[in-house]
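Structure, as structure tokens:
The values are calculated or read from the model by the stated rules, or taken from the named source; none is laboratory data. On a predicted model such as this, the values are computed, not experimentally measured, just so you know. Because the Cβ atoms are built from the backbone with ideal geometry, glycine has one as well, and the counts that use them run over all protein chains shown.
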Amino acid sequence: MLKLLITRPLPDRVIAKARGFFDTTVREKTTPLSREELVASLKDYDLVLPTLGDMYSAEVFEAVSDPRARAIANFGVGYNHIDTQAANNAGIPVSNTPGAVTDATADIAVMLMLMTSRRAAEGERMVRSQSWGGWHPTQLLGLHMSGKTLGIVGMGRIGQAVAHRAHHGFGMTIKYFNRSPKTVDIPAEQIDSLSGLAGQVDIMVIAVPGGNATHHLINAEILSAMQPHAHLVNIARGDIVKEADLIEALENGKIAGAGLDVYEFEPKVPQALIDMENVTLLPHLGTAALDVRENMGFMALDNVIAASERKPLPNQV
Ligand code: 8YV
């Protein structure tokens, strides 16, 4: 039997399936692999199923001259923690789990859109701290989301799923920025500059992949272009937003609020954000539902199984 390393505990059904095919090691820690573990994973296992935070840098691949690993099947759609060029050079194909994450992540985007625009977290904190004195007509007034304009940065699968929800569910006008021209099956306008989009929308959702090409894409220039009543939502990768610039924009009223599921230096969250009432902070909940995580796991296993049979990976990146 080929040896498979799964780098975090995964749902029971996924582990059971893996054990049916492979001599499976499940690493019990919930933290990313150390440098030694990364190197060992390529040396000691035929197949590796890693996830967010397992930093397969070029240096890790270079440290293993004759890797035993014949595939890296990432659990998750985002693979900015894996240097795919270096993996290719080492002859190790990499796959991800597109599709399995789309709806759940789009749902979290809508949740954050509503939470930040309608001040839900602030209200919840008020109730919990027993400082709610009772309803009155001008209390906690937020931004009425229905019918407003949504800007989507990155009109891939997740961006389109957010657009569908916002258009059909909330009657929002959809505008988007995408590197390449893209047509979509709902009324939506592609704007050719990101700062142009930023200036036209009431809520802006980030849905581009992480990685070098999008690092600090949302910076002071873009945040300054946004309207003072607008909100920013990030459900993609933390370092797409230059967090120091976001803090500055919030502190100086350049935008009205933010809803974040991801952070530049995850899991560190700056105290300045924690201290702001108009910021909603979630712990990377994008796909946190059992059936979604099972589907992600099964999809990653499909790729592992294909690699074990020396077939092309169905979701090679
Ligand atoms: C995952 C995500 O749960 O799929 C992704 O890329 O961002 C999350 O929803 C997590 O990152 C594991 O990959």
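General observations
- Unmet criterion (only one of (1) under 30 Å from Val279 (Cβ atoms); (2) within 16 Å of the ligand (Cβ to nearest atom)) for Leu114: (2)
- Given (1) within 12 Å of the ligand (Cβ to nearest atom); (2) polar (S, T, N, Q); (3) crowded, with 23+ Cβ neighbours inside 10 Å, index of the condition Thr51 fails: (3)
- Which listed residue, of Val60, Val64, Val48, Val39, is β-branched (Val, Ile, Thr) and in contact with a strand residue (DSSP E or B) (Cβ under 6 Å, 6 or more places away or on another chain): Val48
- So His284, is it surrounded by fewer than 19 Cβ atoms within 10 Å (Cβ to Cβ), away from the ligand (no atom under 16 Å from the Cβ), on the phi > 0 side of the Ramachandran plot and under 20 Å from the mean Cα position of the chain (by Cα): no
- Qualifying residue in the stretch 85-96 (condition: within 16 Å of the ligand (Cβ to nearest atom) and in a helix (DSSP H, G or I)): no
- Criterion applied to Asp245, Asp302 was being away from the ligand (no atom under 16 Å from the Cβ), outside any loop (DSSP other than H, G, I, E, B), at pLDDT 95 or above and surrounded by fewer than 20 Cβ atoms within 10 Å (Cβ to Cβ), and the one residue passing it is Asp245.
- The requirement of being free of Cβ contacts under 8 Å to residues at least 60 places away in the same chain, assigned by TED's automatic domain parsing to the domain that holds Glu277 and on the phi > 0 side of the Ramachandran plot is satisfied by Gly147.
- In a residue-by-residue description of the stretch 10-17, the property of being at pLDDT 95 or above, closer than 24 Å to Asp103 by Cα and acidic (Asp, Glu) applies to at least one position.
- Residue within the stretch 209-232 that is within 16 Å of the ligand (Cβ to nearest atom) and touching a strand residue (DSSP E or B) at 6+ places or on another chain (Cβ under 7 Å) present: no
- When the residues of the stretch 97-111 are filtered to those that are surrounded by 19 or more Cβ atoms within 10 Å (Cβ to Cβ) and outside any helix (DSSP H, G or I), the one that is nearest to the ligand (Cβ to nearest atom) is Val101.
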